[in-house]
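Have a look at the structure below before the remarks.
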Amino acid sequence: MTASTPASTASSKPVRTRFAPSPTGYLHLGGARTALFSWAYARHFGGTFVLRIEDTDLERSTPEAVQAIVDGMQWLGLQHDEGPFYQMRRMDRYREVIGQMLQAGTAYHCYSSPEEVEAMRERMRAAGEKPRYDGTWRPEPGKALPPVPADRKPVVRFKNPLDGDVSWDDVVKGNITISNREMDDLVIARPDGTPTYNFCVVVDDWDMGITHVIRGDDHVNNTPRQINILKALGATLPLYGHVPMILGADGEKLSKRHGAVSVMDYPAQGYLPEAMLNYLARLGWSHGDEEIFSMEQFCSWFDLDHLSKSPAQFNPEKLAWINNHYIKLADNARLAAMVKPLMEQDGADFSNAPDLPKVIGLLKERVNTVNEIATAAMLFYRRPAPDAALLTQHFTDAVKPALADFAARCATVEWNKESLSPMIKEVLAAHQLKMPQIAMPLRLMLTGQLQTPAIDAVLELLGREAVIARLQPYLA
Ligand code: GLU
């Protein structure tokens, strides 16, 4: 796709990215954007995009949430090349690596009880230090460890370097350096032997050969710990890019208060996937002034440059504007297939009614969502029931003979806009009326509402038979 080389500490390796959601709810907009960036970067370099389900939090992970993620990715068309890999199915592998680290001395058993650890932390806090594990069980050359308490199962801790720094060149945030003195000896396995979150991520990124970790910046604190463990395993480090959060228009973290945050709420509201993708791509990334682009263009541009350091703001109006753009481009038959079930729910009658794709062609210029098309299109597919007061107001005695004249001409006029429009003008001239005087009652009688597209377009689409039938009750 492009001749440039991937930004990488191991630039000769083929690009492998991953999306690693925790299935605890739905696919939210932030997750979808992370997935999009990881997917596009892999596509840019002809690499591999891996889907990994981080389901080790048994209390919060559900099969429904996994399905919601898969559905969301599918709707967006973010096809993974490998996976989904489930962490819960990789427990043996994590245990194996823990065993190897214990053997190699890069991890150790710690028998301090949770109460003892809390007491250590309390002491350090009181001394004005950063609370951390004090290394009681950390083996060092020449150090005698305490006697192993009976009946206590140990945790396994990673032997974090005591001195020096961890440093990485974050693709988004630039250089980040953390002192090892700031870091605990991380628990990598619980007393029952189950591995902990950061450890599973490390083993997976290593085993799956991930070259570029693109994720939300809520994970930036995990990165130095993960790098230290990767180094202890002798792994090649991936390149990290921590993308800032998506905020609501009020600057607060995006939440339900700001509207739908689940990606799958958007198809339900009548958004097109290509609009959502285009919108998400611009949240925290730019390519000059380009606002509207295809995923093919995005993949050809997206090389991890031009990612913003500051949080992006979610703007529902802009999403609606982009959706309107893609609705205008969309094939009318495709939109009809989306609109029809919605209209059926609303009781639409498609017998002896205008062709739905043609109606959509007339209506789609002015709507922001597919659902709005469905609402607007109903005027052609239900028996009009105009408000009596409006009818009295618009269907005056002066208009009655003109309407009869119009109805009579309807029987013979050639049925297209080009002939209908001059015919209406002839009726107006003959009865000395102005356009709204006939168009308004016609709208009411034919559709039950005053707001419709141009009357000649409405007439043409409704068809001769339906027009004559709908006018019949008003002809004396
Ligand atoms: N499972 C984490 C989440 O859903 C992502 C972990 C990662 O990308 O390293 O937030």
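The values are calculated or read from the model by the stated rules, or taken from the named source; none is laboratory data. No experiment lies behind these values; they were computed from the predicted model shown. Don't worry about glycine lacking a Cβ; one is built from the backbone with ideal geometry, like all the others, and counts go over all protein chains shown. Just the protein is used for accessible areas: all its heavy atoms, side chains included, with ligands, DNA and RNA removed. Shrake-Rupley method; radii C 1.70, N 1.55, O 1.52, S 1.80 Å.
Placing Asp184, Asp349 in order of accessible area, with the largest value first and a 1.4 Å probe, yields Asp349, Asp184. Of the two radii for the chain, the radius of gyration is 1.19 times the Kirkwood radius, both from the alpha carbons; that is the Rg over Rh value.
How much length is gained on full extension from Ala385 to Glu317, taking 0.36 nm per residue of separation minus their Cα-Cα distance?
On the way: separation 68, 0.36 × 68 = 24.48 nm, distance 3.31 nm.
Full extension from Ala385 to Glu317 adds 21.2 nm.
At a 1.4 Å probe radius, carbon and sulfur cover how many percent of the accessible area of the chain?
On the way: 11420 of 22490 Å².
About 51 percent, which is the carbon plus sulfur part of the accessible surface.
Label sites at Ala466 and Lys256, each approximated as a point 7 angstrom past Cα along Cα to Cβ, lie 4.0 nm apart.
Residues whose amide H falls under 5 Å from that of Arg16, counting only those 5 or more places apart or on a different chain, are Thr48, Thr211, His212, with hydrogens built in the peptide plane.
When the convex hull of the C-alpha atoms of the range 71-113 is computed, what volume per residue in Å³ does it have? Show your work: numbers first, answer last.
Numbers: hull volume 6.3 nm³, N = 43.
Convex hull volume per residue, Cα atoms: 147 Å³.
Restricting to Cα pairs below 8 Å that are 6+ residues apart, what does the relative contact order work out to for the range 172-307? Please round to a whole percent. All intermediate terms of the calculation are to be shown ahead of the outcome.
Numbers: 101 pairs, mean separation 25.5, N = 136.
Once divided by the residue count of the range 172-307, the mean separation gives 19 percent.
Which translational diffusion coefficient, to the nearest whole µm²/s, is obtained for the range 104-161 from the Stokes-Einstein equation, given a Kirkwood hydrodynamic radius over C-alpha pairs, 37 °C and 0.692 mPa s? Write out the running numbers ahead of the final one.
Working: Rh = 12.5 Å.
The calculation lands on 264 µm²/s.
For the range 375-476, a Kirkwood radius taken over Cα pairs fed into Stokes-Einstein (37 °C, viscosity 0.692 mPa s) yields D = 243 µm²/s.
Ranked from largest, the principal axis spans of the Cα set of the range 208-362 equal 74, 34, 32 Å.
May I ask for the Rg/Rh ratio of the range 35-123, computed from Cα atoms with Rh as the Kirkwood radius, given to two decimals? Write out the running numbers ahead of the final one.
Values: Rg = 19.1 Å, Rh = 16.6 Å.
Taking Rg over the Kirkwood Rh, I get 1.15.
Calculated accessible area for the chain comes out at 47 Å² per residue, all protein chains present (probe 1.4 Å; ligands, DNA, RNA ignored). Sorted from longest to shortest, the spans of the Cα atoms of the range 262-314 along the three principal axes equal 33, 25, 16 Å.
When only alpha carbons are used to place a centre, the range 303-342 and the range 432-476 end up 34 Å from one another.
Let's test the formula: R0 of 25 Å, r as the Cβ-Cβ distance of Leu58 and Gln345. What FRET efficiency results, to the nearest 0.05?
Between Leu58 and Gln345 the formula returns 0.05.
Between amide H atoms placed 1.01 Å from N, distances below 5 Å from Gly216 occur with Val243, all of them 5 or more places distant or on a separate chain. Here Ala429 and Lys400 are evaluated by their C-beta separation; at R0 = 22 Å the FRET efficiency comes out at 0.80.
So which chymotrypsin sites (Phe, Trp or Tyr not before Pro) in the range 239-288 end up in coil per DSSP with only 12 or fewer other C-beta atoms within 10 Å?
Numbers: sites: Tyr240, Tyr271, Tyr279, Trp285; in loops: Tyr271.
Those that pass, being in a loop and sparsely packed, number zero.
Over the range 366-426, the pair-distance histogram of Cα-Cα distances with 5 Å bins from zero comes to 4, 13, 14, 14, 22, 20, 10, 4, 0 percent, rounded to whole numbers. Computed from point charges on the beta carbon alone (+1 for Lys and Arg, -1 for Asp and Glu), the dipole magnitude for the range 265-347 about its Cα centre is near 120 Debye. Between helix 63-76 and the chain there is an angle of about 60 degrees, using the helix long axis and the longest principal axis of the Cα atoms. Between Arg409 and Ile292, the modelled label-to-label distance comes to 3.8 nm, taking each label 7 Å out from Cα in the direction of the beta carbon. For the chain, the longest principal axis of the Cα atoms and the long axis of helix 29-44 meet at an angle of about 80 degrees. Normalised by 2.2 N^0.38 Å, where N counts its residues, the alpha-carbon radius of gyration of the range 111-222 equals 1.25.
Normalising the average separation of contacting C-alpha pairs (under 8 angstrom, six or more residues apart) by the number of residues puts the relative contact order of the chain at 13 percent.
Set against the 2.2 N^0.38 Å expectation for a compact globular protein, the range 239-329 has a Cα radius of gyration ratio of 1.10. A dipole drawn for the chain from +1 and -1 charges on Cβ atoms has a positive end, and of Leu230, Thr177, Ser61 the residue lying farthest that way is Ser61.
In µm²/s, what is D for the range 307-351 at 10 °C and 1.306 mPa s, where D = kT/(6 pi eta Rh) by Stokes-Einstein and Rh is the Kirkwood radius from Cα pairs?
Details: Rh = 13.4 Å.
Estimated diffusion coefficient is 119 µm²/s.
Among the listed pairs Lys364/Lys417; Lys253/Lys309; Lys231/Lys253; Lys130/Lys159, give every one whose C-alpha distance is greater than 26 Å. Working shown, then result.
Working: Lys364/Lys417 19 Å; Lys253/Lys309 16 Å; Lys231/Lys253 34 Å; Lys130/Lys159 18 Å.
Table pairs above 26 Å Cα-Cα are Lys231/Lys253.
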